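Before we start, here is the structure in question, set down as structure tokens.
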Amino acid sequence: MKYTETKLSGCFILEPAVFEDERGYFFESYNENKLAEILGHNPHFVQDNQSKSQFGVVRGLHMQAGDHAQAKLVRVLEGSVLDVAVDVRPNSPTYGQHVAVELSAENKKQLFVPRGFLHGFSVLSEQAVFSYKCDNNYNKEAEDGVHPLDPQLAIDWRIPVHRMILSQKDKEAQNFTALYNKLK
């Protein structure tokens, strides 16, 4: 497995070794020991989630706060997305910075997003099936997030604004400054 740490400490792009022949392909999508070696610790994943979305859907920016924070290992099973992680770890030298990585069924890349990050994605293909592992269970009361179009973050979702599809919750999400004031 090839891996690259992004400019955000602890956030890694993972690229599996893919073996192809006339029958199709095979790759190892998850190996606990290899991931622990890359990260320097062993996240214990307790929940798998999957969503299907159409072109233009932007999901995020979401996080679980406090004791319910989640690290995630994300990948795309069908189609392609622009996956975004925003560092909101207090005292981090990259606080408020983000990385954006195109994940697709074709490139088979994954992104490991550590605890203390906002996370979201936009659907670039006609539809996409998105899958992710979490190292902590979802807790409704610990839900937090930021509006995906917050100008302070200036994320290029690679979707024209007039074609974006946001949930009502995401349309009404707080701005980045409000989250900062909560976290400090």
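Taken together, the values in this text are just the output of simple stated rules run on the coordinates, not laboratory data. This structure is a prediction, so every number in the text was calculated from the model and none was measured. Note: ideal-geometry Cβ built from the backbone for every residue, glycine included; neighbour counts use all protein chains shown.
I want to verify a result. In a Gaussian network model of the chain, Cα cutoff 10 Å, which of these has the top mean-square fluctuation: Val129, Val74, Val84?
Sorting by GNM fluctuation, first place goes to Val129.
Shifting gears a bit: Over the stretch 12-164, what relative contact order in percent results from Cα pairs under 8 Å that are six or more residues apart? Before the final figure, lay out the partial values.
Values: 329 pairs, mean separation 51.7, N = 153.
So the answer I get is 34 percent.
What are the lysines whose alpha-carbon lies under 20 Å from the alpha-carbon of Lys52, with same-chain residues fewer than 8 places away excluded?
The qualifying lysines are Lys72, Lys108, Lys109, Lys133, Lys169, Lys171.
Output ³J(HN,Hα) for the stretch 84-100: one whole-Hz value per residue in order, computed from phi by the Karplus curve 6.51 cos²θ - 1.76 cosθ + 1.60 with θ = phi - 60°, and x for Gly and Pro.
Whole-Hz 3J(HN,Hα) from phi for the stretch 84-100: 10, 10, 10, 6, 10, 6, x, 6, 6, x, 10, 3, x, 8, 9, 10, 10.
Could you work out [θ]222 nm for the chain from helices alone, using -39500 (n - 2.57) per DSSP H run of at least four and dividing by all its residues? Round to the nearest 500 deg cm²/dmol. It would help to have the intermediate numbers written out before the result.
Values: 3 runs with 20 residues, N = 184.
Rounded to the nearest 500, the figure is -2500 deg cm²/dmol.
Same structure, new question: Percent of Cα-Cα pairs per 5 Å bin, from 0 to the last occupied bin, for the chain, please list those.
The percentages, shortest bin first, are 1, 8, 17, 21, 22, 16, 9, 4, 1, 1, 0, 0.
On to the next question. List, in order, the whole-Hz ³J(HN,Hα) value for each residue of the stretch 166-181 obtained from phi through the Karplus relation with A = 6.51, B = -1.76, C = 1.60 and θ = phi - 60°; use x for Gly and Pro.
10, 5, 4, 4, 6, 4, 9, 5, 5, 8, 5, 4, 5, 5, 4, 5
Along the charge dipole of the chain, Cβ charges K/R +1 and D/E -1, which of Val58, Asn91, Ser125 sits furthest on the positive end?
So the residue furthest toward the plus end is Asn91.
Where is the GNM fluctuation largest for the chain (alpha-carbon springs, 10 angstrom cutoff): Ala173, Ala105, Ala154?
In the Gaussian network model the winner is Ala154.
Please check: in the Gaussian network model of the chain (C-alpha springs, under 10 Å), which one of Gly40, Gly96, Gly120 has the largest mean-square fluctuation.
Gly40
When Arg23, Arg163, Arg115 are ordered from fewest to most other Cβ atoms inside 10 Å of their Cβ, what list results?
Working: Arg23 6, Arg163 10, Arg115 16.
If I rank by nearby Cβ atoms, fewest first, I get Arg23, Arg163, Arg115.
On to the next question. Find out how many positive minus negative residues lie around Ser125, taking Lys and Arg as positive, Asp and Glu as negative, among other residues whose Cβ is under 11 Å from that of Ser125. Present the calculation step by step, with values, prior to reporting the outcome.
Details: positive: none; negative: Glu78, Glu102, Glu106, Glu126.
With Lys, Arg at +1 and Asp, Glu at -1, the net is -4.
For the stretch 1-54, what mean projected area does the convex hull of the alpha carbons give, in nm²? Don't skip to the answer; put the middle values down first.
Working: hull surface 23.9 nm².
Across all orientations, the stretch 1-54 yields a mean hull projection of 6.0 nm².
Dividing the alpha-carbon radius of gyration of the stretch 109-184 by 2.2 N^0.38 Å (N being the number of residues), what value is obtained? It would help to have the intermediate numbers written out before the result.
Values: Rg = 13.8 Å, N = 76, 2.2 N^0.38 = 11.4 Å.
Computed over Cα atoms of the stretch 109-184, the ratio equals 1.21.
Taking amide H atoms as placed 1.01 Å from N in the peptide plane, list the residues 5 or more away in sequence, or in a different chain, whose amide H sits under 5 Å from that of Asp135.
So Asp135 has HN proximity to Val46, Ala71.
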